[in-house]
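J.: Just dropping this structure here.
Every number here is computed from the coordinates shown, using simple stated rules; none is lab data. Small disclaimer: the values here were computed from a predicted structure and weren't measured. Cβ sites come from the backbone with ideal geometry, for glycine too, and all protein chains shown count toward neighbours.
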Amino acid sequence: MPTRKGAAAIDREVSDRPAEPVTLSSSELLQAAVAHRSYLEGRPNGKLFAYKGLALQGRNLSRLQLPRAVLVGADLSSADMAAIILDQADLFGANLSGADLNGACLRRADLRGANLMGAKLRDATVRGADLRPGQLVFWLGGEKRVRDKPTSLVNADLANADFEGADLSQVTLTGANLRGANFRAAALFGANLSGADLSGADFTDARMKGAILDNAEAAGTVFRHADLREAQLRNVTTASADFTGCNLMGAVTRPLKQPLPARFEAMLREHVRWITSNGAAGRRLTLEGEALDGLCFEACDLRGAVLKGCSLTKASFRQSELKLADLSGSRLRGADFDGASLLGANLAESDLSDARFTRANLSAIELVDAQGRVTGRRWPADLRRTTLTGADFRGADLREARLQDTDLSDCNTAGANLTGCVLPDGAALAALTLALEKPGRTG
């Protein structure tokens with residue numbers, strides 16, 4: 001097994017020319033497995049099962065015993081690998097998308113940079129495995145290049161799997177089923193578990209600093225003594241999980257003492273389903289012209305929500321996600337958006353007098369297509385014709401924001417990033433200039 005050197009060790013060199021895929025017939029596969037067993041047992045005619053770029057997609061490999069096998073870059077997509085034994089195997093960069101690995105043994109396997117999207121690992125044993133992102137070193141025209149190779153478990157089924165002590169740092173597990181899985185003492189630094197089902201999973205002593213758990217289902221989840229510093233738990237109902245001895249310093253969590261009225265909590269749950277299913281299920285949160293003064297939407301995920309023409313005086317949106325949300329025409333006097341993400345949000349014609357936007361992000365958002373590919377288009381936050389009298393934008397990111405016909409009198413923009421803004425003119429611009437020249441207020 002390769003020595004672990006960091007979050008994404010560079011120890012794989014490949015040619016800039018793609019190698020011809022290697023394939024094996026069923027009889028050749030069985031012969032290679034027998035020779036591999038002889039190799040492990042030190043018997044004559046033994047041979048290590050080692051094939052780079054092996055193409056066995058859709059094949060039946062169930063119950064094969066291939067511990068310590070070398071399958072770097074193998075295509076095993078949609079293969080039947082139920083109950084296969086791959087303990088300490090080298091599967092760096094392998095394609096296991098859609099593969100059936102139910103009941104498989106992958107103890108201490110090297111799965112860095114592997115694609116496990118939609119794979120089935122129910123009751124699999126993956127203890128001590130390395131699933132960190134990998135990096136490929138290759139040569140192109142005589143020049144050395146490095147390419148990141150992320151590890152993906154998007155929409156994978158890991159129910160009751162055993163990942164104790166495994167390293168899943170920076171792994172993407174969005175939408176995955178982790179019900180009843182064991183992640184005790186596992187490393188999940190910066191892992192993305194947004195929208196995953198963590199019901200009944202055990203993360204005791206897990207290291208999850210900076211992990212993203214937004215919109216995850218956490219009923220009965222155990223986080224005892226886990227390190228969740230700076231983690232994000234927007235829309236997560238923490239009351240039903242066990243956080244005994246957990247370190248939540250700097251984490252984004254909803255305040256238990258300020259729940260929304262039952263009607264809005266129900267709407268928020270439907271909005272979570274809408275987000276996690278990409279609009280296929282649930283219902284988008286849409287409220288128009290309603291009185292919502294003083295409500296606490298702190299640490300909520302309200303991406304794409306519609307709150308048009310509402311009265312939200314002194315409402316709290318601290319550390320909330322409001323990307324592409326529509327709050328146009330709303331009364332938001334004294335509202336708190338500290339640390340909130342408002343990329344591409346629509347705040348046009350709203351009253352934001354005395355609102356707080358410290359550390360908020362109101363920059364333009366990069367638009368992507370239905371497949372998640374970058375389109376090259378950017379959508380700016382819209383603050384046209386808003387009233388920002390006395391608003392606090394200290395340290396806010398307002399790059400490319402639209403501020404035409406906006407009242408910025410007595411607005412505090414100390415330390416704000418206004419690069420590329422479409423600024424107002426005349427008296428309003430003069431007011432902004434004066435605000436920029438003022439020292440930062442402490443109130």
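J.: Just in segment 331-392: which trypsin sites (Lys or Arg not before Pro) are loop by DSSP and have at most 16 other Cβ atoms within 10 Å? Before the final figure, lay out the partial values.
T.: Numbers: sites: ARG331, ARG333, ARG356, ARG359, ARG373, ARG377, ARG378, ARG384, ARG385; in loops: ARG333, ARG359, ARG373, ARG384, ARG385.
Answer by residue number: ARG373.
J.: Using just the helices of the chain, give the 222 nm mean residue ellipticity in deg cm²/dmol: DSSP H runs with n ≥ 4 each add -39,500 (n - 2.57), and the total is spread over all residues, rounded to 500.
T.: -3000 deg cm²/dmol
J.: Still on this structure, please answer the following. Does anyone have the angle between helix 26-41 and the longest principal axis of the chain? Alpha-carbon axes, 0 to 90°, nearest 10?
T.: Helix 26-41 sits at roughly 80 degrees to that axis.
J.: VAL252's amide H: which non-local residues (gap 5+, or another chain) put their own amide H closer than 5 Å, with H modeled 1.01 Å from N in plane and none for Pro or chain starts?
T.: Here the answer is ALA231, GLN232, LEU233, since their amide H atoms fall under 5 Å of that of VAL252.
J.: Number of Lys pairs in the chain with C-alpha atoms less than 22 angstrom apart, excluding same-chain neighbours closer than eight positions?
T.: Summing the qualifying lysine pairs gives 10.
J.: Further, regarding this structure: Give the shape of segment 303-368 as rounded, prolate or oblate, defined through the alpha-carbon gyration tensor: a ≥ b ≥ c are the square roots of its eigenvalues, a/c under 1.5 means rounded, and otherwise the shape is prolate if a/b is larger than b/c and oblate if not.
T.: Oblate shape, in that a/c is at least 1.5 and b/c is the bigger or equal ratio.
J.: Rounded, prolate or oblate: pick one for segment 184-229, where a ≥ b ≥ c are the square roots of the eigenvalues of its C-alpha gyration tensor, a/c under 1.5 means rounded, and failing that, prolate if a/b is larger than b/c, else oblate.
T.: Oblate.
J.: Distance between the C-alpha centers of segment 226-262 and segment 281-340? Whole Å please.
T.: Centre-to-centre distance over Cα atoms comes out at 20 Å.
J.: Using the C-alpha atoms of segment 26-178, what convex hull volume per residue, in cubic angstrom, is computed?
T.: 115 Å³
J.: Okay, next question. To the nearest 10 degrees, how steep is helix 426-437 against the longest Cα principal axis of the chain, on a 0 to 90 scale?
T.: Between the helix axis and the principal axis of the chain, the angle is about 60 degrees.
J.: Using a Debye calculation, one point per C-alpha and no hydration shell, please list log10 I(q)/I(0) for segment 244-313 at q = 0.12, 0.16, 0.20, 0.22 Å⁻¹ in order.
T.: -0.38, -0.64, -0.92, -1.04
J.: Express as a percent, rounded to the nearest 5, the fraction of DSSP beta bridges in the chain (both residues included) that run antiparallel.
T.: Working: 10 of 72 bridges.
If we restrict to bridges inside the chain, about 15 percent are antiparallel.
J.: Moving on to the next point. For a quick check: with amide H placed at 1.01 Å from N, whose amide H comes under 5 Å from ARG68's, ignoring anything fewer than 5 positions away on the same chain?
T.: Here the answer is ASP87, GLN88, ALA89, since their amide H atoms fall under 5 Å of that of ARG68.
J.: Add +1 for every Lys or Arg and -1 for every Asp or Glu among the other residues with Cβ under 10 Å from the Cβ of LEU312, and state the total.
T.: Surrounding charge for LEU312 is 0.
J.: Let me ask you something else. Of the listed values (1) 40.7, 148; (2) 25.9, 90; (3) 22.8, 87, grab the one calculated as Rg and Dmax of the Cα atoms in Å from the structure here.
T.: (2)
J.: Could you state the angle between the C-alpha long axis of helix 262-276 and the longest principal axis of the C-alpha atoms of the chain, as a value from 0 to 90 degrees rounded to the nearest 10?
T.: Helix 262-276 and the main axis of the chain meet at about 50 degrees.
J.: For segment 204-292, rounded, prolate or oblate, judged on the Cα gyration tensor with a ≥ b ≥ c (square roots of eigenvalues), a/c < 1.5 rounded, else prolate if a/b > b/c?
T.: Cα axes put segment 204-292 in the prolate bin.
J.: Tell me the relative contact order for segment 99-225 as a rounded percent, counting alpha carbon contacts under 8 Å between residues six or more apart. Walk me through the numbers on the way to the answer.
T.: On the way: 430 pairs, mean separation 23.3, N = 127.
Taking the mean separation of contacting Cα pairs over the length of segment 99-225, I get 18 percent.
J.: First select every other residue whose beta carbon is under 13 angstrom from the beta carbon of GLY279; then total the charges, Lys and Arg +1, Asp and Glu -1.
T.: Neighbourhood net charge equals +3.
J.: I need the peptides 270-280, 216-226 ranked by packing, meaning the mean over residues of other C-beta atoms within 10 angstrom, with the highest value on top.
T.: Top to bottom by mean Cβ count within 10 Å: 216-226, 270-280.
J.: Within a Cβ distance under 14 Å of GLU28, other residues only, what is the Lys/Arg minus Asp/Glu net charge?
T.: Once all neighbours under 14 Å are counted, the net charge is +2.
J.: Would you work out the Kirkwood radius for segment 289-400? I mean one over the mean of 1/r across all pairs of different Cα atoms, in Å.
T.: 13.7 Å
J.: What is the projected area of the convex hull of the Cα atoms of segment 274-336, averaged over all directions, in nm²?
T.: 3.9 nm²
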